[in-house]
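The block underneath contains the structure these notes are about, expressed in C-alpha cells.
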Ligand SMILES: C[S@@+](CC[C@H](N)C(=O)[O-])C[C@H]1O[C@@H](n2cnc3c(N)ncnc32)[C@H](O)[C@@H]1O
C-alpha cells in the first residue's frame, strides 16, 4: 500500500476468543467434529462456534473477520487488529478525487473493488450515491459489516465488475477505480469499458516503466514478459505480472486471475484521450513507490 497512506497502531490488543471446547460426544452428529459445546466470548457454553454468546457489540462483528482486515475501520473503541492498518477511511487520494470530480451531492458513483468500504464511506459522506462492486467474498462481507456499523446507504454488489461493465447500459456521474487496473489481465479493455459508462473517472494505479529493473529490481522480478491488449481501437504492449505467493494469504486483495498485466503510464492516459478524456489532472505520482510506480488522476471527457 502506498507510503502516503496514514497508518496507525490500534489502540489496544484484541480480546482473545476462548475457544476451548468442552467435550460432549453425545451432542455431536455422527462423524461431525464441530458440534461440541464450547465456552463462547461470554464465557457461556455454546452449542457450536457459529453462535456467539457474547453481548452484541461492534467488536463482535469485526471479530467475524479477525486477522483478515486491511483497514482501520473507524468505529470508536473497536479494533480490527492489533497491527498497523491502512487508513483507507481517511485517504488523501480520495479527498483529492472528491475535490476534482465536482460536487458529488446526489451524484451516482460506481466504485470498483471497495475492499472494506473505506473509500465508499468517504464518497458517501461527500454526498454520493455509491454502487460498489466487489469480487472477493470475504471483502464483500466485510463491506456489509462496515455498512451496518457505519450506517451506510451504499449498495454493495458481489461479483466481477467486468461482465457487468460489458453488458450493462447504466451511466454513472463518476467512476472511482482505485487499486484495480493493475489487477486486470486486460487493462485496456477495463479502461475502454469505463469510458463507455462515465464522463468522469478517478483512478489510482500502479504502472510499468522501463527503469524498473534498475530502480526496483524486487518489483521488476515479478514480470514475465509482454502481451498486447487492444480495445476500442487502442492497442498497446502490457507487461505480465505474477502474484506468486500472495493469493493464498488471508489478506490478499488482488484480482480474480492468478496473474495480471500492467500498462505503461503513457498508454493509460493516451488510450483514455483517444476516447475523449483529454481533461486530465495527475497527482500522487510516485515512480519509486514500494510496490511499483503509481499515480492517481482524474480524467474528464471533453467534447
Ligand atoms: C488493491 S484492492 C483496492 C482496494 C481499494 N479500492 C483501494 O484503493 O484501497 C483491489 C480490490 O478490488 C477487488 N477486485 C479485483 N478485481 C475485481 C473484479 N474483477 N471485480 C470486482 N472486484 C475486484 C479486490 O477483491 C479488492 O477488494
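Which FRET efficiency value, to the nearest 0.05, is calculated for residue 196 and residue 64 with the Förster distance at 35 angstrom and r the Cβ-Cβ distance?
The formula returns an efficiency of 0.40 here.
Given axes a ≥ b ≥ c from the Cα gyration tensor, I'd like to know whether the stretch 210-264 is rounded (a/c under 1.5), prolate (a/b larger than b/c) or oblate.
Oblate.
Which stretch or stretches of the stretch 160-190 have amide N atoms under 16 Å from the point lying 7 Å from residue 235's Cα along the Cα→Cβ direction?
Within reach of a label on residue 235, which here means backbone N under 16 Å from a point 7 Å along Cα→Cβ, the stretch 160-190 contributes 188-189.
Given the Cα-Cα distance of residue 100 and residue 209 and 0.36 nm per residue of separation, how much length would full extension add, in nm?
36.6 nm
Could the peptides 144-156, 119-131 be put in order, highest first, of the mean number of other beta-carbon atoms found within 10 Å of their residues?
119-131, 144-156
Given bins 5 angstrom wide, list per bin the percent of all Cα-Cα distances in the stretch 136-220, short to long.
3, 11, 16, 20, 18, 13, 9, 6, 3, 0
Tell me the Kirkwood hydrodynamic radius of the stretch 92-300 in angstroms, computed as one over the mean inverse distance between distinct C-alpha pairs.
17.4 Å
Using the per-residue mean of other Cβ atoms lying within 10 Å as a proxy for protection, in what order, highest first, do the peptides 91-97, 215-221 fall?
With the highest mean Cβ count within 10 Å placed first, the list reads 91-97, 215-221.
Would you mind calculating the gained length between residue 137 and residue 228 on full extension (0.36 nm times residue separation, minus the Cα-Cα distance), in nm to one decimal? Show your work: numbers first, answer last.
Numbers: separation 91, 0.36 × 91 = 32.76 nm, distance 3.06 nm.
Extending this stretch completely gives an extra 29.7 nm.
Any chance you could tell me what percent of the C-alpha pair distances in the stretch 58-146 go past 21 Å?
31 percent
Within the stretch 181-206, whose backbone N sits under 18 Å from a point 7 Å along Cα→Cβ of residue 301?
Hits in the stretch 181-206 for residue 301 at 18 Å: 189-203.
Can you compute the label reach from residue 125? Point 7 Å from Cα along the Cβ direction, backbone N cut-off under 20 Å, restricted to the stretch 162-177.
Under cut-off, by backbone N: 176-177.
Calculated FRET efficiency, residue 148 and residue 50, Cβ-Cβ r, R0 22 Å, to nearest 0.05? Each step should come with its number before you reach the end.
Values: r = 18 Å, r/R0 = 0.83.
E(calc), rounded to 0.05, equals 0.75.
Which order, highest average first, do 227-233, 202-208 follow once you tally other Cβ atoms within 10 Å for each residue and take the mean per peptide? List each step's numbers first, then the result.
On the way: 227-233: 14.1, 202-208: 23.7.
Packing proxy ranking, top to bottom: 202-208, 227-233.
All of the numbers you see were taken from the coordinates with simple rules; none came from a lab. Everything quoted here is computed from the prediction, not taken from an experiment. Methodologically, a virtual Cβ is constructed for each residue, glycine included, from the backbone with ideal geometry; neighbour enumeration extends over all protein chains shown.
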